[in-house]
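Notes follow the structure.
The values are calculated or read from the model by the stated rules, or taken from the named source; none is laboratory data. Please read all numbers here as calculations on a predicted model, not as lab measurements. We place every Cβ from the backbone using ideal geometry, glycine too, and count neighbours over all the protein chains shown. These accessible areas exclude ligands, DNA and RNA; they are computed on the full protein's heavy atoms, side chains included. Shrake-Rupley method; radii C 1.70, N 1.55, O 1.52, S 1.80 Å.
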Amino acid sequence: MAVPQIDVTRMNEAVERLLATTVQPRHRFLLMTYARQRLLEAAGRHEELFAPTEMIEEPSYHLRILGGASSGTGRGPVARLYQDWAATGCCVTWREGEQIAVADNFVASTAYVHRFAPGAVLARHGVAVDDPAAMYRYTAPEESSWLYDTRCRLAGQDVWEVDPARAVVTRCEPGEVITLDRSAAALAPLIRPLPAYDDFLRGAAELRATPRREAAK
């Protein structure tokens, strides 16, 4: 089965739809942050996630994906998780039927998630594969919650497959694989700096305080 033609630049469409109808300033900033951080992950640019304005000092990740479980608390262990995903290409993902919700301190997602993964990684997690040296597409229903602190800095991720028994594993031909280099090149134009948190909320407060007729000028 061939991998469908995927445009990784559309990975945040569900986020953008919610952002278009969200008016609460903090929720808007959270969605902007979340969208940027997903792009950084899929581009393999995890170092940028560790900027003081992006992530807290002791993030905590709890993941159950690709048929296995992993976790890390603290910048060192979390950085090693990202390094492994980038080295194996597992950070290149896309979603179908995604729904997004935002609250004061988290963004939640539910979707069918497709991930590329080497057979060796899947075999290590107990997933049956024909060739550990081949690349596979792993598809499963997945839910996630990304947690944020009072300044909208990433505090952790809880990600889990709803039912690993429903996962579909498909071997890919080399030309069907979206490599990390291809993903990074496609996503680079979309990765833009965020405004400063205080400036964004201050600007939103000033806009609300502006009389309607003056704001329209």
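A compact table of results
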| quantity | calculated |
| --- | --- |
| Contacts under 7 angstrom Cβ, first residue in segment 136-151 being open to solvent by 30 Å² or more (accessible area, probe 1.4 Å), partner part of a loop (DSSP other than H, G, I, E, B) and modelled with pLDDT of 95 or more, 6 or more apart | L147/N105 |
| Members of segment 132-178 that are farther than 30 Å from F29 by Cα and out of contact with any strand residue (DSSP E or B) (no Cβ under 7 Å at 6 or more places or on another chain) | P132, A133, A165, E173, P174, G175, E176 |
| Leading residue by the ranking (nearest to A42 (Cα to Cα)) among those in segment 89-111 that are acidic (D, E) and either over 13 Å from the mean Cα position of the chain (by Cα) or open to solvent by 30 Å² or more (accessible area, probe 1.4 Å) (or both) | E96 |
| Residue under evaluation E58, criteria (1) open to solvent by less than 50 Å² (accessible area, probe 1.4 Å); (2) of a type outside the set (G, A, S); (3) part of a strand (DSSP E or B), criterion not met | (1) |
| Which numbered condition E41 misses (of (1) closer than 30 Å to A128 by Cα; (2) of a type in the set (D, E, K, R); (3) touching a Lys or Arg at 6+ places or on another chain (Cβ under 8 Å)) | (3) |
| Single unsatisfied condition, G74 versus (1) open to solvent by less than 70 Å² (accessible area, probe 1.4 Å); (2) more than 17 Å from H114 (Cα to Cα); (3) under 14 Å from the mean Cα position of the chain (by Cα) | (3) |
| Any chance R124 is of a type in the set (K, R), more than 24 Å from L19 (Cβ to Cβ) and modelled with pLDDT of 95 or more | no |
| Of all residues making up segment 152-181, the number that are over 19 Å from the mean Cα position of the chain (by Cα), open to solvent by 50 Å² or more (accessible area, probe 1.4 Å) and of a type in the set (D, E) | 2 |
| Condition met for R80 (in contact (Cβ under 8 Å) with a residue 60 or more places away in the chain and open to solvent by 20 Å² or more (accessible area, probe 1.4 Å)) | no |
